[in-house]
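The values are calculated or read from the model by the stated rules, or taken from the named source; none is laboratory data. Remember, predicted model here, so these are calculated numbers, not experimental data. Neighbour counts run over all protein chains shown; Cβ positions are idealised from the backbone, glycine included. Ligands, DNA and RNA are excluded from the accessible area calculation, which covers all protein heavy atoms including side chains. Shrake-Rupley method; radii C 1.70, N 1.55, O 1.52, S 1.80 Å.
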Amino acid sequence: MRRMRYILSLTILFVVLAGPRAWADEKEDYYARFKTGWQYMQQVYEQLSQRYVEDIDPYPLIRAGINGMLSELDPYTVFLEEDGQRQLRIMTTGKYGGLGMEIGLRNKRITVIAPIDNSPAQRSGIRAGDIIDKVDGATTKGMNVNDVSKKLRGKIGTQVTLAIIRPGLSEALDITLTRAQIVLKDVGYSGFLKPGIAYVSLNSFTDKAVEEVKSAITTLQNEAPLKGFILDLRGNPGGLLESAVKIVNIFVPKNELVVSTKGFREKEYKFYTTDDPILPDVPLVVLVNGGSASASEIVSGALQDLDRAVIVGEDTFGKGLVQKVFTLDRHKQVKLKMTTAKYYIPSGRCIQKKDYAEGSEVIVHDSLQVQQHIFFTKNKRKVLDKGGVYPDVEVTGDSISLPLMQLIRGNMIFDFAVQYHQQHPGWKTHPVVNDSVKAQFNAYLQSHHFQYQCACNSDFKHMRSYVKKEQLSGEANDLLNRLEEIFRKKTEEDALKNQVQIWDFLHLEMVEKYFGRTERDRLSLQRDKQAQRAIEVLKNESEYHSILAIR
């Protein structure tokens, strides 16, 4: 009887998800295929429940079936239980109950990357580099970052005790903290990059993003008149559609179409600006890259289509799918987040870049189709419907060299900066990476037996394994030794060639340890090719007008 109830429940779920087909001429075939598929599913479950070698808990099996079904669709249609619902709430509000610190895995231990300003973690004296050894007496060894995050978060006002291992101290510190409401900021760094040229970095689109951007603008306006404005959406994965529309409204007049959504089973919805803009005339540049997605693409794409901003940087991600959340069980907060439509920006272009069913870019085969993919901005500039947003001024971001990447992955720079800060706590001005610091860093690498590895190191291991397996002559090993030595010298030469990049990164890491993330962001923008190109565009009125076809 219990088994039949589970089967009945799953049948209802499948019927609800399937829904009626819109095409009358295919209905009979559709329901025949559905009936056959469901019979197979039912028979498989019955056979498992009656004959499998061990007793089966039906819920994990059914949940796996749900997840398997959804895996055939796009990657954004997901089944949400309690943990997923909590994550969704944090993404939309930017708020949670916790301690307020960014953590990561360093040397296989859960390590504090940085405490959030004015959080319980910062007020209790927790520092970057501290290792969280235990949470309420339970060891964190072998745990991943998500597992520890769940333990640190909880109801506001409750307490949690951490055992902290701090570099330089012989014994662990036991610190008891009281969880508080942690508010993750949407706006990162804001300030003037040049006289009159303001900059605001927007990291996400929660329900407070608009007020944070407006507040940053007001602060900047009180400091000096704005002659140009840079909105940085690089690495911003998106968020709430409503917030995206309101961000656009900061720069364009009311009653302008920002985005529309259309789906096979959903009617078209159009979203317009509703208020008078704060910065209707200030020249505007938007920075984007491959990490700019969804709401970021709505903002950058709409501002491009309306010829309100010059887009600088790299092609965006191309995520133009609309999700809605449907409640399946109100008592247990079980929900289904489902893709129901696609985003279209004012020119008529669709943001979605990939064919998510196949995982490959859509290919256009003939010239007639190419013509159908040409759209026009407000000032009649041609834009292509290739998915994503393509910059008006393409500037490739700085790539991280292999030697620097190895230092970062080995935590060498982070750990050295933590140690240096511990040993030299009294800096009042910016730490300088002088010859003394460089010598100390190189000595630190030697003491930790760090060696730069060539990119083909794994290939050599495979070749040596093959030589041993096939019992080849010593000549083969000698050949490999000589070849390895050549690549080793080349790797050392590459490290020397990239010393400037390594010292720059070390400097930024040390600045963050002494003065925080905000100061690091300010300094890094001075070396940022994309941000510097944005400044050039704003300072050159004729180029700015030419790009936007302003007459």
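Brief remarks on what is shown
- Each principal axis of the Cα atoms in segment 273-317 has its own extent, and those three values, largest first, are 31, 20, 15 angstrom.
- When +1 charges are put on Lys and Arg Cβ atoms and -1 charges on Asp and Glu Cβ atoms, the dipole computed for the chain relative to its Cα centre reaches about 1100 debye.
- For segment 103-195, the carbon plus sulfur part of the accessible surface works out to 48%, probe radius 1.4 Å.
- Legend: calculated FRET efficiency, residue 105 to residue 172, from the Cβ-Cβ distance at R0 = 25 Å, rounded to 0.05, equals 0.85.
- Residues 542, 124, sorted by accessible area with the largest first, give 542, 124 [1.4 Å probe; ligands and nucleic acids excluded].
- Within the chain, longest stretch free of exposed GluC sites (Glu not before Pro) [DSSP loop, at most 16 other beta carbons within 10 Å]: 359-469
- Taking chymotrypsin sites (Phe, Trp or Tyr not before Pro) as exposed when their DSSP state is a loop state and no more than 11 other Cβ atoms lie within 10 Å, the longest site-free interval of the chain runs over 265-551.
- Accessible surface, the chain, averaged per residue in Å² (probe 1.4 Å): 56 Å²
- Debye intensity ratio in log₁₀ form over the Cα atoms of the chain, taken at each q of 0.07, 0.10, 0.12 Å⁻¹: -0.57, -1.10, -1.35
- Shape call, segment 404-551: gyration tensor on alpha carbons, a/c limit 1.5: oblate
- Cα-derived Rg over Rh, computed across segment 281-360 with Rh taken as Kirkwood radius: 1.11
- Charge dipole (the chain, unit charges on Cβ, about Cα centre) - positive-most of 154, 293, 309: 154
- Sparse-neighbour loop sites [trypsin sites (Lys or Arg not before Pro); segment 247-318; at most 14 other C-beta within 10 Å; DSSP]: 254, 265, 267
- Distance violations [Cα-Cα > 22 Å] among 194/497; 95/208; 108/150; 386/539: 194/497; 386/539
- Prolate/oblate/rounded call for segment 493-543, Cα gyration tensor, a/c under 1.5 rounded: oblate
- For the chain, adding -39500 (n - 2.57) for each run of n ≥ 4 DSSP H residues and dividing by the number of residues yields -13500 deg cm²/dmol at 222 nm.
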